[in-house]
1. ³J(HN,Hα) across region B:254-264 via Karplus (A = 6.51, B = -1.76, C = 1.60, θ = phi - 60°), whole Hz, x for Gly/Pro?
2. Find the all-direction average of the projected area of the Cα convex hull for region A:253-343, expressing the result in square nanometres with one decimal place.
3. Computed on protein heavy atoms with a 1.4 Å probe, what is the summed buried accessible area for the chain pair A and B, in Å² to the nearest 100?
4. Can you tell me the 0 to 90 degree angle between the C-alpha axis of helix A:223-236 and the longest principal axis of chain A, rounded to 10?
5. How large is the charge dipole for chain A, taken about the Cα centre, if only the Cβ atoms of Lys, Arg (+1) and Asp, Glu (-1) carry charge, to the nearest 20 debye?
6. So, in nm, how far is label A:Val175 from label A:His311 when the simple model puts each one 7 Å beyond its Cα toward the Cβ?
7. Mind telling me which of A:Ile266, A:Ile110, A:Ile161 comes out most flexible in a GNM of chain A, alpha-carbon contacts under 10 Å?
8. For a quick check: with amide H placed at 1.01 Å from N, whose amide H comes under 5 Å from B:Ile5's, ignoring anything fewer than 5 positions away on the same chain?
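The values are calculated or read from the model by the stated rules, or taken from the named source; none is laboratory data. From a predicted model like this one, the values you see are computed outputs, not experimental measurements. Positions of Cβ are generated from backbone atoms using ideal geometry, with glycine treated the same way; all protein chains shown enter the neighbour counts. Ligands, DNA and RNA are excluded from the accessible area calculation, which covers all protein heavy atoms including side chains. Shrake-Rupley method; radii C 1.70, N 1.55, O 1.52, S 1.80 Å.
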Amino acid sequence: MLEIKDLKTNFNTYDGVVKALNGVNLTIKDGEIFGLVGETGSGKSVTCYSALKLLPKTGEVVGGNILLNGEDITHASEDRLRQIRGGEIGIIFQDPLSALNPVMTVNEQIGEILVLHQDSKIKELASEKEIPVYKSEKWKASPGVEFTIMAFCISFISLFIMLGQFTFSLPFLFVVGMMFLRDYLQKDIPDSALDLMVIDALSRVKLPNPKQIAQSYPHELSGGMQQRVMIAMALAGKAKMLIADEPTTALDVTIQAQILQLIKDIQKEENMSVLLITHDLGVVAETCEKVAVMYKGKIVEENTVERIFRHPKHKYTRALLNAIPKGGKERLKVPDVGEMGSI
Amino acid sequence: MSNKILSIEGLRKHFPVKNVWGTDIALVKALDGVDLEIEEGKTFGIVGESGCGKTTLMRTLLRLVEPTSGSVVLSDEITQNQFLSNNLEELTNEELRSFRRQIGVVFQDPMGALNPRMLIKDIVSEPLVIHGKTENMRDRVIELLNNVGLGEEHLYRYPHEFSGGQRQRIVIARALALEPKILVLDEPTSALDVSVQAQILNLLNDLQEKYNLTYIFISHDLSVIEYMCDRLAVMYLGRVVEEADTEELFTNPQHPYTKALLSATPNFNKDKEKIMILGDVPSPITYLDESKAKLATEITEQERLEIKSIEGKGLDYIVRSSLNEVLPLKEVGPSHYARVK
Ligand SMILES: Nc1ncnc2c1ncn2[C@@H]1O[C@H](COP(=O)(O)OP(=O)(O)OP(=O)(O)O)[C@@H](O)[C@H]1O
Ligand SMILES: Nc1ncnc2c1ncn2[C@@H]1O[C@H](COP(=O)(O)OP(=O)(O)OP(=O)(O)O)[C@@H](O)[C@H]1O
Ligand SMILES: [Mg+2]
Ligand SMILES: [Mg+2]
């Protein structure tokens, strides 16, 4: 599915060049949940940003290849990359609030992705069910145009009132009134094909009451619901692969358990590949089939979850495992950083 | 059986919620009747989900916020029989200063707790200066730094020159400056990597042994809590729903929320039974208007939908609405209390 070969990424900073990745090799097969673990700064996020070309301007991929289903996307055009992100590969970021647009409803945000990646399907659905394609709100223009009309009408109203010609202002009053009443008048209009697809996307992530949630703004939802909306967005473009960068770090454990269960369920139902980035080895043990351990911009060990946790080969993996409290009161073994220097 | 150093009795803290006219319409019941006894020289853990009132409990303990009702009773160990009253609320200003010397605090975010423009020397000596203990200050600061594994060479550096784990050590050194008897730790390792966390936990255990410190340890990481604590309380919506010695609580949880919490913690046992919590996290707001005041205990429409979505997966579950019923604390085992039927 996704193959990363000898990936090297540098950052140009004021203090010189930071070598964030020193040759990362990863292969994620179809339909597998792959965990990527490592401590802060080991390069987990940079790996996934490099693979999707989402690096900031100071970052640069200086070597290696990225293959998606055999296609080399290392030097793909920006258009192709936009197709891939959100289309073939869905992405979930750590902090749902910063990734969701606070001034757009869930409906609008998911709708945007659907129009970008699933346009033909929306049109198909519309003609099949004989419903409007995009907007059920027929009389809605873009916010800028709406604002201009409103300002225009109100200035005319005040102008006519000032001139003492109240009757002339009536048509403008009518327009303003209609704009306010519009939402109310439109209640009975059937959902558009796009609306139906959005609701479908939300029910896929097991959000109860998707119709109501579609109308909400992100801040009106709980952390767990926001993360579900993020997952719905990542999957809306019919992604065959999901990259999740610390999807549950900001959540309570009970909610984390629900989200991980959801990712597992969807993965199974749709036979997706998942790359799960986390620093929590427990999460990996519970969710993943295979895991790679990252240290200082390199993969130091890769194996099935069973084997890596039973028989860790690399001393860094061993040190990581030893550092976790696991019941019992004996002193925790602290990894000696000096010893780990050479890899 | 060792001595109590603090007891918390019926502590409540209600924050008022105002409408636009400035009249109170509702209360956030951050603490709603908490009773706890903290033993000297032991580690007392507090767990619970975000917003259940852990930090508020700590702030009321330090008298950074005034409780709505209830009290914190100090032992003679702390008052040295010098105070007029053992009740935290009735302390005079002078007594409050003396009390604050005996209770140190470590917060979650080490960078937020350290002033980036101050030298380490000044950061660690700040409490000494405030409480006027300036004799031999330099030696004392070096001793404090040595205690946490840092040294003289770090005196003239700024916080940004240190790693996250080292910064947390500096915070601990400062918290210990006035030789407190109690250390309150609010998520001291949540921002740290496991290997650094291991260092800090070991350090805390060493310091406890050396100075017979009492810890109040707040965390949401149950594996850390299990490792550190002798006794612990599980909080839900401003109340303690279960309290027991650590081993007893981990092997024999009684309250449904505790069970779900234990099962939700990721660990290396793949076949362990999972209990999901379904439904929306309840709002901590209680309306003063009677008709809206009570949280519904019957199963909601949303929960019914969620139950349907996990049906046939062989998962156990509890629903949030069932947790809304307030039951009295009952003894369910040896010094093990839970709010169960
Ligand atoms: N914009 C940047 N400019 C310079 N260096 C960067 C930049 N982004 C990341 N780095 C460096 O790249 C390395 C890897 O960072 P990365 O964000 O991938 O870590 P991570 O493994 O995701 O850690 P975390 O668990 O904290 O998210 C770090 O040493 C970091 O300092
Ligand atoms: N000063 C305040 N004014 C109003 N409400 C407050 C105030 N401080 C806390 N609260 C509310 O009291 C409740 C308990 O908050 P608290 O910070 O004690 O939770 P916590 O258990 O520490 O959560 P976390 O794990 O997220 O730190 C929350 O609902 C919070 O919104
Ligand atoms: Mg990262
Ligand atoms: Mg808190």
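1. After applying 6.51 cos²θ - 1.76 cosθ + 1.60, I find 10, 6, x, 5, 4, 4, 5, 4, 4, 6, 7 Hz.
2. Details: hull surface 28.4 nm².
For the Cα atoms of region A:253-343, the hull's average projected area reads 7.1 nm².
3. Counting protein atoms only, the buried area is about 3400 Å².
4. The answer is roughly 90 degrees.
5. Numbers: 38 positive and 42 negative charges, 140 e Å.
So the magnitude is around 680 debye.
6. The answer from the label model is 7.9 nm.
7. Checking each option, the largest mean-square fluctuation is seen for A:Ile161.
8. Residues meeting the criterion, in which the H sits 1.01 Å from N, are B:Ile38, B:Glu39, B:Glu40.
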